[in-house]
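*Asks:* What follows is a single structure, and I will ask about it in a moment.
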Amino acid sequence: MSKDFEFATKLLQETPWPVADYVLLIGEIGINHNGDLNIAKRLIDLAKGAGFDAVKFQKRTIDIVYDKAMLDSPRESPWGTTQRAQKEGLEFGRAEYDEIDRYCRQVGMEWFASAWDVPSQKFLRQYDCKYNKIASAMITHPEMLEAVASERKPTFISTGMTELGKVDRAVEIFHAHDCPFVLMHCIAEYPAAEEVLNLRWMNVLRERYKCPVGYSGHEVGVVPSVIAACMGAVCVERHITLDRAMYGSDQAASMEKRGMELLSSYVRSVPVCMGNGDRPITAKEKVCASKLRYWKEQA
């Protein structure tokens, strides 16, 4: 028996995963807008044109998320020579989010954001977004989890950098508030190499927590996200960019226009190709059979 055959047999014998009838595609704009509202709009248009369902941003209160020593430390950026200048240059405020909200409504695109502190989560409530998001960095922050779960909106919870015991505590908080959630398998490396992606971990999350699972990918290519959809991810989130060469720490782990289009096309094909498990003989097969089977078949 060949190794390839052994591998395929083992894969088929594992607990089967349900394939979602529809996979929600999320374009993570994050801070890839580089503080420019026009770039943000172009990314929204890019996601819309590629067939994505939603875009996501990030919201921070700089002086809560970062301490003074860090903010005062040097860092060269388009906005100045300190970490504070760089962080503030990337942060959108009320005027920008008002326009993002207006523009997304105009073009018919859902938007939401991952807050990195409780005041930012309270700021986002005014927009009544359909979804919430817990970033991997925030999954161990009890106050943030309570603030988000108390809203009882569908929430995507990323599990990067997080041991199962800490995921347990996050899940307990969401159950306590009766808040619907999707656990997102995530490897928090930017970009992440294919050999560390460990997509089978989605099965562990699904079995342990009896909940829907998704995939938040930071790899460069398209294929792992498509495999995740084949393995039952109900949503796939990918960072998006106009150009990977742009300034920013997340750009290299982001998808450009062509990658987004391919991802959308492939993921939309998954439930179509997987079907429902029945096997009727199709009308066209019957025609082929009448032509190719020259003997008389027994009824």
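The values are calculated or read from the model by the stated rules, or taken from the named source; none is laboratory data. The structure displayed is predicted, hence computed values, not measured ones. With ideal geometry, Cβ positions are generated from the backbone for all residues, glycine too; neighbour counts draw on all protein chains shown. These accessible areas exclude ligands, DNA and RNA; they are computed on the full protein's heavy atoms, side chains included. Shrake-Rupley method; radii C 1.70, N 1.55, O 1.52, S 1.80 Å.
*Asks:* Counting only residues that are among the hydrophobic types (A, V, I, L, M, F, W, C) and either over 19 Å from GLU163 (Cβ atoms) or more than 13 Å from the chain's Cα centre (by Cα) (or both), which one in region 204-220 is surrounded by the most Cβ atoms within 10 Å (Cβ to Cβ)?
*Replies:* Among those residues, the one meeting the criterion is LEU205.
*Asks:* Continuing with the same structure: Test ILE26 against the stated conditions and say whether it is in contact with a strand residue (DSSP E or B) (Cβ under 7 Å, 6 or more places away or on another chain) and either in contact (Cβ under 8 Å) with a residue 24 or more places away in the chain or open to solvent by less than 50 Å² (accessible area, probe 1.4 Å) (or both).
*Replies:* So ILE26 fits the description; yes.
*Asks:* Could you tell me whether region 165-172 includes any residue that is surrounded by 15 or more Cβ atoms within 10 Å (Cβ to Cβ) and either in contact (Cβ under 8 Å) with a residue 60 or more places away in the chain or not in a helix (DSSP H, G or I) (or both)?
*Replies:* No, region 165-172 has no match at all.
*Asks:* Residues in region 58-106 that are more than 20 Å from ILE29 (Cα to Cα) and hydroxyl-bearing (Ser, Thr, Tyr): how many?
*Replies:* 4
*Asks:* Follow-up. Could you list, in sequence order, all residues of region 174-203 that are open to solvent by 30 Å² or more (accessible area, probe 1.4 Å), assigned to a helix (DSSP H, G or I), touching a residue at least 24 places away in the same chain (Cβ under 8 Å) and among the hydrophobic types (A, V, I, L, M, F, W, C)?
*Replies:* Matches in region 174-203: ALA176 only.
*Asks:* If you don't mind, there's one more thing I want to ask. Within the bounds of region 236-249, is there any residue that is in contact with a strand residue (DSSP E or B) (Cβ under 8 Å, 6 or more places away or on another chain), in contact (Cβ under 8 Å) with a residue 60 or more places away in the chain and outside any strand (DSSP E or B)?
*Replies:* yes
*Asks:* Here is a follow-up. With the requirement that a residue be open to solvent by less than 40 Å² (accessible area, probe 1.4 Å) and either of a type in the set (Val, Ile, Thr) or farther than 16 Å from ILE62 by Cα (or both), what does region 136-146 give you?
*Replies:* Those that are open to solvent by less than 40 Å² (accessible area, probe 1.4 Å) and either of a type in the set (Val, Ile, Thr) or farther than 16 Å from ILE62 by Cα (or both): SER136, ILE139, LEU145.
*Asks:* Next question. Could you run through region 130-180 and say how many residues are touching a Gly at 6+ places or on another chain (Cβ under 7 Å) and among the aromatic types (Phe, Trp, Tyr)?
*Replies:* Residues in region 130-180 being touching a Gly at 6+ places or on another chain (Cβ under 7 Å) and among the aromatic types (Phe, Trp, Tyr): 1 in total.
*Asks:* Looking only at helices (runs of 4 or more DSSP H) that fall completely inside region 41-131, which ones have 2 or more residues that are free of Cβ contacts under 8 Å to residues at least 40 places away in the same chain and open to solvent by 40 Å² or more (accessible area, probe 1.4 Å)?
*Replies:* Values: elements: 62-65, 68-72, 83-90, 94-107, 118-124.
Helices (runs of 4 or more DSSP H) meeting the threshold: 68-72, 83-90, 94-107.
*Asks:* Sticking with this structure for a sec: Considering only region 275-299, state which residues are under 35 Å from the mean Cα position of the chain (by Cα) and open to solvent by 100 Å² or more (accessible area, probe 1.4 Å).
*Replies:* Initially, region 275-299 is screened for residues under 35 Å from the mean Cα position of the chain (by Cα), giving 275-279.
ASN276, ASP278, ARG279, listed by residue number.
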